[in-house]
Amino acid sequence: MAEASTLVGKLETDVEIKASAGKFHHMFAGRPHHVSKATPGNIQNCELHEGNWGKVDGEAKVAKERVEAVEPEKNLITFRVVEGDLLKEYKSFVITIQVTPKHGGPGSVVHWHLEYEKISDEVAHPETLLQFCVEISKEIDEHLLNEE
């Protein structure tokens, strides 16, 4: 059996965008059903299962997520994957998105933080998900700029 430390990991990436930090954060925290409109090639649908509104590797994947934290003053939101394709390979998967205004200029930086625990050493590290995060950040940014 593999040691737990080889199964647990973190990945992070930053994406520069032109939209404001507040608008980008609000897309996930207040209008998640619009995310699929902004990036339809990557996210086909977003449904609310309970509560209130607060393609990886070329193959469509399904992930049911629960919002674990929303901190509007920090433009931060955290999701935990609770069902779906990711949990076939990972015991846990948590995604945190924090958006901060750029210092000294317009635009923002989207920081993606992925924490996961693989079910075994045979499961690949999810680096491909970082590219997914970059792609959806850019598409949501373009969508927000077109709304202005």
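For residues that are part of a helix (DSSP H, G or I), out of contact with any Ser or Thr (no Cβ under 9 Å at 6 or more places or on another chain) and exposed (fewer than 15 other Cβ atoms within 10 Å of the Cβ), tally how many sit in the range 100-141.
Qualifying residue count, the range 100-141: 2.
Read through the list (1) aliphatic (A, V, I, L, M); (2) in contact with a Lys or Arg (Cβ under 9 Å, 6 or more places away or on another chain); (3) modelled with pLDDT under 90, then give the number of the only condition that residue 48 fails.
The failed condition is (2).
Which one is nearest to the chain's Cα centre (by Cα), of the residues in the range 109-148 that are of a type in the set (S, T, N, Q) and more than 10 Å from residue 13 (Cα to Cα)?
137
Rundown of residues vs (1) modelled with pLDDT of 90 or more; (2) of a type in the set (Asp, Glu); (3) touching a helix residue (DSSP H, G or I) at 6+ places or on another chain (Cβ under 6 Å), yes/no style:
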position: 67; (1), (2), (3): no, no, no
position: 91; (1), (2), (3): yes, no, no
position: 108; (1), (2), (3): yes, no, yes
position: 147; (1), (2), (3): no, yes, no
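The values are calculated or read from the model by the stated rules, or taken from the named source; none is laboratory data. Owing to the predicted nature of the structure, the values given are computational and were not obtained by experimental measurement. Here Cβ is always computed from backbone atoms with ideal geometry, including for glycine, and neighbour counts include all displayed protein chains.
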